[in-house]
Amino acid sequence: MLKITVIGAGSWGTALAVILSKAGNQVKVLSLTKRNLISLRSGYHPNFEGLLLPKEVEFTQSVEDSLVNADIVIFAVSSKYLRPSIEVVKPFIKESQLLISVIKGLEPLTLLVPSQIIQEAFPHNSVAVLSGPSHAEEVIKGEPFGMQLASVDLRAVELIRKAFNKANVYLPATDDLIGTQLGGALKNIIAIGYGIALEQGLGTNFYSMLVTAGMADLRNLAVAGGAAPETLMGLGGLGDLITTIGSPYSRNRKFGQLLGSGISVEKALQQVGMVVEGVNAMEGALELAQEKQVSIPVINFINNIIKKRISPTKMKGLVQLLKGTY
Ligand SMILES: NC(=O)C1=CN([C@@H]2O[C@H](COP(=O)(O)OP(=O)(O)OC[C@H]3O[C@@H](n4cnc5c(N)ncnc54)[C@H](O)[C@@H]3O)[C@@H](O)[C@H]2O)C=CC1
Ligand SMILES: O=C(CO)COP(=O)(O)O
């Protein structure tokens, strides 16, 4: 039995904690916000209505207590709060602990992905990544799924597979941490575009064109940022894009749909009520494209809609724009 601490009691941190606990591990969840611990401890999470959390998962706000005996520490906060969370936990992390990021983000200005930010803060720890098609709402119910496991440390790969051994999850491994995370961050932007198109009632032919051209942006940009092309065809890239555009649970797709219905960015974010990482990743994506001189017409188009330079009702104008890239 492994001792695992999940930092972040949002949807994803909680869902991972539940399946890891059911898989036979001792799991603690460290909540760094003013979440209602009493409610969580009685089994209720606001993002999982009608579901009772197993009492074996321990929710705490005590940083030291949560980390002191952990073999594995999973960072599951939203990308914006990674650095502040690191500052809080830093005094209590030991070099022997395996650190995992499940965060999908690309930091503006530094253009670092979450594992790089964690590795910088903890240079002597082994840092791994889990990313891929994994909506928390399905995972928490024990439905089967797969994630890309990225690490350069074979012992870490073994330990993570051991932790998840009794869970219903397939974990292929790669040493491409950058590609896995760029795939996860950029697919969210394409899913926003998909949501806008969906709300505009455009046909399946248009959706396929949008997603294929969006995937080309994702691939070109991620490869320029250091990804291996084959990573982007795996669970961390194409696989995650498929689930995010296809799922009614996707916050990015939902945000796009709200934007497509004419609601402002602020109101759409408010209505989604959970993190929309595609919005957070946009600045980093634009900066990376600028730095590497990569053409990303679909991502630019989606950005122009978010920034109100193009009306969502003009989504079909993407065809004309793509014709200009011949
Ligand atoms: N929900 C899902 O199905 C999946 C989410 N992810 C990724 O996991 C990450 C977290 O997403 P969710 O849990 O879904 O988001 P959420 O919106 O449900 O929760 C937000 C998370 O950020 C943390 N947070 C918010 N404010 C904070 C603050 N001031 N200080 C420290 N932490 C703070 C919360 O504790 C919570 O862990 C994101 O990067 C997301 O892309 C990855 C795979 C699946
Ligand atoms: O990354 C996810 C599933 O793999 C979650 O996507 P959303 O953040 O769009 O809900």
**Message:** Hydropathy at least -1.0 by Kyte-Doolittle, axial extent at least 20 angstrom from the Cα trace: which helices of the chain, defined as entire DSSP H runs, fit?
**Reply:** 177-199, 204-224, 277-292
**Request:** Assuming a ≥ b ≥ c are the square roots of the Cα gyration tensor eigenvalues, decide whether segment 183-323 counts as rounded (a/c under 1.5), prolate (otherwise, with a/b larger than b/c) or oblate.
**Result:** rounded
**Complete:** Low-density loop trypsin sites (Lys or Arg not before Pro), segment 111-196, at most 15 other Cβ within 10 Å, DSSP non-H/G/I/E/B, are 141, 166
**Fill in**
Shape descriptor, the chain: equivalent ellipsoid semi-axes (Cα gyration tensor, sqrt 5λ, whole Å, largest first) stand at 33, 22, 17
**Prompt:** In segment 3-174, with Lys and Arg counted as +1 and Asp and Glu as -1 at Cβ, which of these residues, 79, 91, 62, has the Cα nearest the positive end of the dipole, that is, farthest along it?
**Reply:** 62
**Prompt:** Calculated FRET efficiency, residue 38 and residue 233, Cβ-Cβ r, R0 56 Å, to nearest 0.05?
**Reply:** 0.80
**Item:** At most 14 other Cβ within 10 Å, DSSP loop - trypsin sites (Lys or Arg not before Pro), segment 17-64
**Value:** 34, 55
**Request:** Using a 1.4 angstrom probe on heavy atoms only, work out the carbon and sulfur share of the accessible area of the chain in %.
**Result:** 53
**Prompt:** For the chain, with only Lys/Arg (+1) and Asp/Glu (-1) charged at the beta-carbon, what is the dipole magnitude about the Cα centre, in debye rounded to 20?
**Reply:** 740
**Complete:** Correct response: the longest run of the chain lacking exposed GluC sites (Glu not before Pro), defined by DSSP loop and at most 16 other Cβ within 10 Å, is 96-326
**Over the chain: helical MRE at 222 nm, DSSP H runs n ≥ 4 each giving -39500 (n - 2.57), nearest 500** = -14000 deg cm²/dmol
**Item:** Residues of the chain: accessible area per residue with a 1.4 Å probe, Å²
**Value:** 44
**For segment 203-244 versus segment 265-297, the gap between their alpha-carbon centres in whole angstrom** = 15
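The values are calculated or read from the model by the stated rules, or taken from the named source; none is laboratory data. As the structure is a computational prediction, the values presented were derived from the model and not from experiment. Every residue, glycine as well, gets a Cβ built from its backbone with ideal geometry; the counts of neighbours run over all protein chains shown. Side chains included, ligands, DNA and RNA excluded: accessible areas come from the protein's heavy atoms. Shrake-Rupley method; radii C 1.70, N 1.55, O 1.52, S 1.80 Å.
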